[in-house]
Amino acid sequence: MARLYEYQSKKLLKDGGVRVPEGEVVFSAAEARSVAEKIGKPVVLKIQVWLTGRAGLGGIQFAATPQEAEDKAARMLGMRVRNYVVDRLLVEEKLAIKAEYFAGLVIDDAQKCPLLVFSAVGGTGIEEIARRHPDKIATIPIDVGAGLPEFEARDLVRRAGLTGSVMIQLAELLVKLYNVARNKDARSAEINPLVLTADDLVYAVDCHLVIDDYAVFRHPELGIEVAREFDRPPTELEKIAYKVEERDHRGTFYFFQMTDRIPAEGTFIGFHGAGGGGSMMSMDAVLNRGFKLANYCDTSGNPPASKVYRAAKIILSQPGIRGYFASGSGVASQEQYHSARGLVKAFLEESLSVPAVIRLGGNFEEEAIRILAAYCRDLPAKVEGYGRDDAPETCAARLEALIRENKAVSHEVRPIPEFQPAAGAYAFGTLTGKLFIDHGLCAGCKSKGCIGACAPKILKLVGDKPVLAIAPEEAKKGKCTECLACEIFCRFHEQNAIAVHLPIPGLAEYRKKSLKERESD
Amino acid sequence: MSILVDEKSRVIIQGITGREGMARAQLMKDYGTNVVAGVTPGRGGQEVYGIPVFNSVEEAREKRGPIDISVIFIPAALVKNAALEAFAAGVKLLVIVPDRVPIYDVLDISRAAKAKGARFVGPNTLGLLSPGKAVLGMIGGRAQRAREWFRPGDLGVSSRSGGMTSAISYYLTRAGFGQSTIIHVGGDAVVGLSHPEVMELFESDDETKAVAMFGEIGTTQEERVADLIAAGKFTKPLIAFIGGKAAKSGTRFSHAGAIVEGSRGSYETKVQRLREVGVHVVDTIFDIPKKAKDILG
């Protein structure tokens, strides 16, 4: 769920006709001063973070003069709150508040409709207040076809115990709140507090919208960089991962870091799940063994080998992990050899020095396990493959034993060398990369096994050289499924003439930068 | 018996000429599903594995007769329109396979379904399968595998995870227990048929003697199953596993959610509520077949 900052949410409410305090977002103390001058009244400064309870963290402060606003802003910018550093503040007019209320919209999974909650009491500790004063809370399901009629909104406010002109003002606001939420595909929208000022006007004083990840594509105007359920801005590596997912809609790839700096104590591992339920079950199994996760990753929905490869490369960009654990439901419908090949390519490139336990149960698991065993044999660390009859708990125990055996060596991240295809190699583009065949080496090939290995059957022999049997545009559009079978076959059984180049934009630079940072530590 | 689908159900596939649609059309047909037509706008007149393709659901209905079920394999952004099209042509059950369907689209689909007296499974579902009869969606991946992994029998399986639908059913088969119908209700926050609705269907199915359920943290589905049992509307033995025990519970951001749902949604609440009403909650999915043995002998 893509979260919006308070200032972004307020802008949307304002555009939707809801009254909000006058103010602007600032990124420096000098800007805070000039905004305070422009407002010409006492102001409130609020750190912009995706957390509630900011007041308790010193994240909300008042300033009577522009000078005070500047001084306080200087202290607030750069504050460390949980995982990240405050880089922006909202400076806005301070209101004279007479009463505080609460309004919130959620999607109700039972009734399958939006549910509007109104409370005649609001402010900090709303959940506790709600428990103590159930009579002050009223809710109403909204018919998505008809929207929220004003009379229903009025009655909602009345049921919470408010009448008179404030009821009418609040009802108007609630209708606008719903309309903004619906138009912007918000999964939740909250105003807390919703206030009545000394001059009897209703204002939205704090507001948070959460946009449906799946509808972000409809709202380029919101500038959402990573449409994911994060409680902090994304890390560099998460941004790189998200770009991979954005550019390739075959299957899904989700990547989340538990920490962006792995501490020396504790056994951190790279985690690579497949499918939500299976990932969760597998994660429970490794956590119960006492492992800590550096990241959570899920590749599912029938991803091509190339996507699994990229996921593995990103997981292996985390220095300090002591092992690699991949496990899904155990009985997957997808052909498991795709994932196996993606992992093999990544492990070979990284010359994997920490053990990996890969539970690839499902369709063609026998072949997947055989691929892992045959092609990871010469790596510095052990890679073991398991199938549907092996429990995640058993696999987690295996990883523990292998890490012990490996003397708890931790993974070292290396720079990614620039890709150099053989001079004059035959080449064609794929959906997300490029395939090269060094025809000069094909003369020494007896089996021509790449032709048979190719899953979509798009290679043919001309003389003794494999070439595309279809138009290059077709291959580029996705007929080449990036299954990596030809490359792996040729590398191990023939002349190592085939290279599939699958770039991951930003990863080489990221590794270079983080290596430099570690050196200077 | 089985629920929702059997070998006679007349099925169409919307998006049959796409990558997934084509692959799964083969699975469904090979397994024995009565697939009467495919639909892809602009591709009418073609055939996919011998299945005739039409330009619209209405055209498929005109040429092939009444349609019971549509399985949808089209890009998420277009799903709502496809679902409304199917409802308009009188289809009473949809299986919406795609992932990433916008939530308000799901709410709109749900409203339209109610108005038409129709139902839907998903979105973000692997589908459902009645062993030996029919498969809708992509469970099993290939017909041969689906026949090996799933066997006819008297256990119902309902799961919020696609992979776990197959996994639980396979482990049951391995232990000698067949299944009446196995269903992946879908992985999204709002789905058409959720666990409690599926339990009601299993309740009225004579063949189903007991049910295995894979739940997860989040949503109120498992709590509502407990409510259903407490109200006497589901009376068969239920074995449940809840995933996400050790997962760090997400920082709840929505006060409104907390006000409405209280502590519903957490691992502890789900397990406690289910145990209170006599559900057999197990700690690993490998205990599901063991528990089935205790119950059914």
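Could you tell me which numbered condition A:Tyr309 fails, if it satisfies all but one of (1) in contact (Cβ under 8 Å) with a residue 60 or more places away in the chain; (2) away from chain B (no Cβ under 14 Å); (3) touching a strand residue (DSSP E or B) at 6+ places or on another chain (Cβ under 7 Å); (4) among the aromatic types (Phe, Trp, Tyr)? A:Tyr309 satisfies all of (1) in contact (Cβ under 8 Å) with a residue 60 or more places away in the chain; (2) away from chain B (no Cβ under 14 Å); (3) touching a strand residue (DSSP E or B) at 6+ places or on another chain (Cβ under 7 Å); (4) among the aromatic types (Phe, Trp, Tyr) except (3).
Look at (1) within 19 Å of B:Asn34 (Cα to Cα); (2) within 14 Å of chain A (Cβ to nearest Cβ); (3) in contact with a Ser or Thr (Cβ under 6 Å, 6 or more places away or on another chain) and you find that B:Val121 fails only one, number (3). Filter the range A:229-258 for residues that are among the hydroxyl-bearing types (Ser, Thr, Tyr) and closer than 29 Å to A:Ile47 by Cβ; which is farthest from the other protein chains (Cβ to nearest Cβ)? Across the range A:229-258, the extreme among qualifying residues is A:Thr235. Residues in the range A:206-239 that are aromatic (Phe, Trp, Tyr) and either surrounded by 19 or more Cβ atoms within 10 Å (Cβ to Cβ) or assigned to a loop (DSSP other than H, G, I, E, B) (or both): A:Tyr214, A:Phe230.
Only residues that are outside any loop (DSSP other than H, G, I, E, B) and either more than 12 Å from the chain's Cα centre (by Cα) or not hydrophobic (A, V, I, L, M, F, W, C) (or both) were counted in the range B:165-191, giving 14. All of A:Leu484, A:Leu459, A:Leu441 fail the test of being more than 14 Å from every other protein chain (Cβ to nearest Cβ) and closer than 16 Å to A:Arg310 by Cα, apart from A:Leu484. Checked against (1) under 27 Å from B:Glu207 (Cα atoms); (2) under 18 Å from the mean Cα position of the chain (by Cα), B:Gln144 meets all criteria but (2). When the residues of the range A:109-123 are filtered to those that are free of Cβ contacts under 8 Å to residues at least 60 places away in the same chain and more than 7 Å from chain B (Cβ to nearest Cβ), the one that is surrounded by the fewest Cβ atoms within 10 Å (Cβ to Cβ) is A:Gln111. In the set (1) modelled with pLDDT of 90 or more; (2) in a loop (DSSP other than H, G, I, E, B), B:Arg273 fails one condition alone, (2).
From the list B:Val71, B:Val39, B:Val79, B:Val53, the one residue that fits, being modelled with pLDDT of 95 or more and closer than 29 Å to B:Glu148 by Cβ, is B:Val71. Scanning the range B:137-158 for residues that are part of a loop (DSSP other than H, G, I, E, B) and either touching a residue at least 60 places away in the same chain (Cβ under 8 Å) or within 8 Å of chain A (Cβ to nearest Cβ) (or both) turns up B:Met138, B:Ile139, B:Gly140, B:Gly141, B:Arg142. Consider the range A:431-468 and keep the residues that are among the charged types (D, E, K, R) and in a strand (DSSP E or B). The one that is farthest from A:Ser339 (Cα to Cα) is A:Lys465.
Is it fair to say A:Glu152 is buried (at least 17 other Cβ atoms within 10 Å of the Cβ), without any contact (Cβ under 8 Å) to a residue 60 or more places away in the chain and not hydroxyl-bearing (Ser, Thr, Tyr)? Spelling it out, A:Glu152 is indeed buried (at least 17 other Cβ atoms within 10 Å of the Cβ), without any contact (Cβ under 8 Å) to a residue 60 or more places away in the chain and not hydroxyl-bearing (Ser, Thr, Tyr). Does A:Pro505 meet the test of being without any contact (Cβ under 8 Å) to a residue 40 or more places away in the chain and either in contact with a strand residue (DSSP E or B) (Cβ under 9 Å, 6 or more places away or on another chain) or not hydroxyl-bearing (Ser, Thr, Tyr) (or both)? Spelling it out, it is not the case that A:Pro505 is without any contact (Cβ under 8 Å) to a residue 40 or more places away in the chain and either in contact with a strand residue (DSSP E or B) (Cβ under 9 Å, 6 or more places away or on another chain) or not hydroxyl-bearing (Ser, Thr, Tyr) (or both). Out of all the residues in the range A:327-336, which are within 25 Å of A:Ala453 (Cα to Cα) and either assigned to a strand (DSSP E or B) or under 22 Å from the mean Cα position of the chain (by Cα) (or both)? Passing the criteria: only A:Ala332.
Among the residues making up the range B:244-270, none is modelled with pLDDT of 80 or more, over 21 Å from B:Met164 (Cα atoms) and of a type outside the set (Val, Ile, Thr). The residue list A:Ser317, A:Ser339 contains one member that is crowded, with 21+ Cβ neighbours inside 10 Å, in contact (Cβ under 8 Å) with a residue 60 or more places away in the chain, out of contact with any Gly (no Cβ under 6 Å at 6 or more places or on another chain) and not in a helix (DSSP H, G or I), which is A:Ser317.
Among the candidates A:Arg182, A:Arg187, the residue that is of a type outside the set (A, V, I, L, M), assigned to a strand (DSSP E or B) and within 11 Å of chain B (Cβ to nearest Cβ) is uniquely A:Arg187.
If we scan the range A:295-306, do we find a residue that is in contact with a His (Cβ under 7 Å, 6 or more places away or on another chain), assigned by TED's automatic domain parsing to the domain that holds A:Asp390 and of a type in the set (A, V, I, L, M, F, W, C)? Within the range A:295-306, one or more residues are in contact with a His (Cβ under 7 Å, 6 or more places away or on another chain), assigned by TED's automatic domain parsing to the domain that holds A:Asp390 and of a type in the set (A, V, I, L, M, F, W, C).
The values are calculated or read from the model by the stated rules, or taken from the named source; none is laboratory data. In this text the structure is predicted, and so the values were computed from the model without any measurement. As a convention, Cβ positions derive from the backbone with ideal geometry for all residues, glycine included, and neighbour counts pool all protein chains shown.
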